[in-house]
Structures are given as C-alpha cells and as structure tokens.
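Participant: I'd like to ask you about the structure that follows.
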Amino acid sequence: LCDDLKMQVPFPFSLLCLQVIKCKAAVLWEANKPFSIEEVEVAPPKEHEVRIKIMATGICRSDDHVVTGALVMPFPIILGHEAAGVVESVGQGVTSIKPGDKVIPLFVPQCGECKSCLNTKSNLCSKTDLGTSAGLMPDGTTRFTCKGKAVHHFLGTSTFTEYTVVHESAVAKIDSAAPLDKVCLIGCGFSTGYGAALQTAKVEPGSTCAVFGLGGVGLSVVMGCKAAGASRIIAVDINSDKFAKAKELGATDCINPKDFNKPIHEVLMEMTGQGVDYSFEVIGRMDTMTAALACCQYNYGVSVIVGVPPAKQMVTFDPMLLFTGRSWKGSVFGGWKSKDAVPKLVDDYMKKKFVLDPLITHTLPWTKINEGFDLLRTGK
C-alpha cells in the first residue's frame with residue numbers, strides 16, 4: 001500500500017507507513033532485580049515525536065538509583081538516559097530533524113517556550129520528567145509495550161533499548177561525523193560534570209577547587225575546573241584506584257578520607273588555609289554534601305551539588321555555614337540549555353577541545369548490561 005501511495009500523494013508518504021517496531025530492550029520489572037532482556041513493541045512517533053535507533057548508551061549512577069529504589073519511578077520501566085543514535089522516523093510536525101540524522105536524546109529537554117527556557121539564568125525546562133516520576137511521554141501515554149503490559153519511560157529518553165521514542169524538544173541533532181560510541185557521554189555524564197564547573201560554579205582562573213567523587217561525572221568536573229584555569233584541583237574519593245586517572249585529567253592533589261582520623265572538611269581546610277574557592281559533591285550522599293559545603297572559604301566559597309540526592313532524605317547542617325557568606329547551589333545537566341549546548345559540545349569534541357576516551361572504562365554488548373552495572377557498583 002505504501003509503495004502505491006508514494007507514487008500518488010504529493011506530501012511526505014513516510015507518515016503513512018510508520019509501523020510498530022519489535023526489538024530487544026532491557027526491562028526493569030521491579031526494584032533490586034536484574035534487568036531482563038525482552039522483546040518489546042515500540043509504537044510509531046506521534047505528533048512532534050522522534051523514533052531513534054540507539055547505537056551507544058552509557059551507564060549512569062542515576063539509572064542505578066532507580067534499581068535500588070533511591071530514585072522512585074514506576075515499574076516496569078526502560079531506563080537509560082545517556083546515549084546517541086540515528087533517527088529512524090519522525091512524527092507529524094517535526095521539522096528540525098529528519099530520518100538518518102545522528103542525534104543525542106536529552107533527559108533535560110528544551111522546549112524554548114516555558115519560563116525556564118526563556119530565562120537566560122535557567123536550563124531546567126518545565127517539560128522535564130525529572131522530579132515528577134511520571135514515566136510517560138508529554139501526552140501522558142507510553143510508546144513501549146512488553147508481554148501485553150505498558151512499560152514506562154525514564155526521563156523522557158529510555159535508552160536501554162534498540163529503539164526509543166522521544167519528544168522533539170528532547171533530542172539534539174549533532175555532527176554527522178561524530179563517533180556515537182564516544183559522544184553518547186555528552187548526553188549526561190560529561191556535560192553534567194564539565195558544565196557544573198564552567199556554567200554553574202563559573203570557576204575562575206587561579207582558583208582552588210575540591211571534587212568529591214571520581215566517577216565519570218566527577219572526572220568531568222575535574223576537566224571543567226582545569227579548562228577554567230583553576231590552579232589547584234583536589235580530588236577526593238574513598239577509592240584510591242581512581243587517583244591516577246584524576247591526575248591524568250587535571251587533579252593536582254588526591255586524598256582518601258579513609259587515610260585521616262578527622263573529618264575530611266577539616267583536612268581540606270588545613271590544606272588550603274581558609275578553604276577552597278569551589279567545591280563539588282558528585283556522589284549523592286548527605287554527609288558528603290555537607291562536607292563539601294563546610295570545606296569552602298567561609299565568606300565567598302561556592303559549593304555545587306551535582307550528585308542526585310536520594311529520595312526522602314533530609315540534610316542537616318549548621319546554618320552558620322551559609323550565614324557567613326558561602327553559596328550552596330545545585331546543577332542539573334551542568335547548567336547547559338540542552339538543545340543549544342549539546343551540538344556545540346559535540347563540535348568542541350570534534351575540534352579536540354576536550355577528550356572523552358579516558359572516561360570510557362569498558363565497552364560491552366548491551367545484552368551484558370547487568371555485568372555493566374556490577375562494574376559500576378564495584379567502582380570499576
């Protein structure tokens with residue numbers, strides 16, 4: 001029928017030919033269970049939606065927070081939010097992207113119309129699923145079905161699948177020459193850390209920084225501090241095996257809290273005199289968030305929360321830490337306006353303005369996703 005129609009109709013016939021795609025996906029049926037490789041049905045994109053063939057996806061601690069229950073989401077669900085792929089088809093009304101384009105899905109969309117998108121100081125679009133835990137497309141429905149059951153989306157992206165559907169506001173077209181198995185990291189980890197230093201904290205040349213947590217995001221913070229011209233970058237982690245790579249990427253000092261008999265913020269105060277100019281918590285723990293705040297210079301120090309806080313936990317701290325002038329900030333996706341920034345960051349990578357290879361420790365077939373999460377949990 002499609003072959004006949006395309007000879008007769010003057011408008012794009014592809015809209016008439018979109019089919020449900022059956023493919024493999026890693027479905028999480030409940031918390032604290034392994035991912036299950038299942039056949040799923042992926043519905044065609046609706047109006048202003050894009051269906052993407054995922055070519056590469058990274059594993060992020062935020063995904064694991066859903067597995068452990070620290071980040072509450074509905075089940076069953078397809079996780080994943082750091083990826084790159086190729087557009088398979090587009091829904092009606094999509095004009096900025098076409099089939100065959102290389103793209104990066106955006107877990108922080110940029111609709112360009114809401115109050116947040118229109119404000120130059122903000123990047124957290126009101127259409128984000130972050131914090132709502134809805135697990136659905138903007139129209140309140142899902143595009144995934146497995147064994148007759150509706151499967152939820154994750155952060156509007158869901159990249160642990162061979163095909164996914166995202167809203168047009170949640171996808172960025174990138175350089176057609178970009179290696180997707182590298183630039184997929186710009187979809188979350190790299191951009192989040194790098195931007196936390198450059199965009200959110202606005203680290204200044206000659207400043208002193210402390211980075212708590214040396215996973216992929218923490219190492220990207222180190223890279224951002226170095227790019228900003230920081231003269232001293234102190235990397236903090238309880239896994240000393242991560243220190244060599246941190247120094248390779250720009251850390252000047254590496255310290256393990258387990259090596260000291262006093263609170264780590266006191267150690268940092270002694271190392272720096274009055275504390276660091278900028279600190280970054282890139283773990284998602286209450287105790288390290290307050291330690292990062294306390295190690296800042298008492299009057300003008302800036303501390304940035306980058307790690308996703310666990311659900312239903314409250315932080316307790318001495319308000320004098322803020323009264324004296326310190327600033328405490330949060331950073332989602334590094335403060336970047338996603339659709340604007342992601343193509344530019346990919347261009348910068350292609351121009352060799354920063355590296356991504358050191359952030360990639362393992363490359364696995366995605367059917368070994370449970371092994372990948374084991375590597376994440378063991379700090380490897």
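The values are calculated or read from the model by the stated rules, or taken from the named source; none is laboratory data. This one's a predicted model, so the numbers in the text were calculated from it and none came from an experiment. Neighbour counts run over all protein chains shown; Cβ positions are idealised from the backbone, glycine included. We work out accessible area using only protein heavy atoms, side chains counted, and drop any ligands, DNA or RNA first. Shrake-Rupley method; radii C 1.70, N 1.55, O 1.52, S 1.80 Å.
Participant: Looking at segment 277-294, is at least one residue aliphatic (A, V, I, L, M), over 22 Å from residue 225 (Cβ atoms) and touching a Gly at 6+ places or on another chain (Cβ under 9 Å)?
Facilitator: no
Participant: What's the number of the only condition in (1) outside any strand (DSSP E or B); (2) open to solvent by less than 10 Å² (accessible area, probe 1.4 Å); (3) touching a Leu at 6+ places or on another chain (Cβ under 7 Å); (4) among the hydrophobic types (A, V, I, L, M, F, W, C) that residue 184 fails to meet?
Facilitator: Single failed check for residue 184: (3).
Participant: Please tell me if residue 301 is modelled with pLDDT under 95 and small (Gly, Ala, Ser).
Facilitator: no
Per-residue answers, yes or no, for (1) more than 28 Å from residue 109 (Cα to Cα); (2) touching a helix residue (DSSP H, G or I) at 6+ places or on another chain (Cβ under 6 Å):
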site: 279; (1), (2): no, yes
site: 301; (1), (2): yes, no
site: 311; (1), (2): no, no
site: 334; (1), (2): no, yes
site: 363; (1), (2): no, no
site: 377; (1), (2): yes, no
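Participant: Would you call residue 140 surrounded by fewer than 24 Cβ atoms within 10 Å (Cβ to Cβ) and either out of contact with any strand residue (DSSP E or B) (no Cβ under 7 Å at 6 or more places or on another chain) or part of a loop (DSSP other than H, G, I, E, B) (or both)?
Facilitator: Taking the combined requirement at face value, the residue satisfies it.
Participant: Turning to a different aspect of this structure: Against the conditions (1) over 22 Å from residue 363 (Cα atoms); (2) open to solvent by less than 50 Å² (accessible area, probe 1.4 Å); (3) small (Gly, Ala, Ser), where does residue 148 fall short? Just the number, please.
Facilitator: Single failed check for residue 148: (2).
Participant: May I pose another question? Scanning for something in contact (Cβ under 8 Å) with a residue 40 or more places away in the chain, in a helix (DSSP H, G or I) and over 18 Å from residue 108 (Cβ atoms), does segment 157-180 turn up at least one residue?
Facilitator: Looking through segment 157-180, at least one residue is in contact (Cβ under 8 Å) with a residue 40 or more places away in the chain, in a helix (DSSP H, G or I) and over 18 Å from residue 108 (Cβ atoms).
Participant: From the list 177, 197, 170, which residue is more than 22 Å from residue 72 (Cβ to Cβ) and buried (at least 24 other Cβ atoms within 10 Å of the Cβ)?
Facilitator: 197
Participant: Separate question: Output the qualifying pairs, or none if there are none: Cβ atoms under 6 angstrom, residues six or more apart or on different chains, first residue in segment 358-380 and in contact (Cβ under 8 Å) with a residue 40 or more places away in the chain, second residue β-branched (Val, Ile, Thr) and surrounded by 11 or more Cβ atoms within 10 Å (Cβ to Cβ).
Facilitator: Listed pairs, sorted by first residue: 367/37; 372/59; 376/59.
Here's the yes/no breakdown for (1) in a helix (DSSP H, G or I); (2) under 30 Å from residue 96 (Cβ atoms); (3) among the β-branched types (Val, Ile, Thr):
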residue	(1), (2), (3)
270	yes, no, no
274	no, no, no
288	yes, no, yes
292	yes, no, no
299	no, no, no
304	no, no, yes
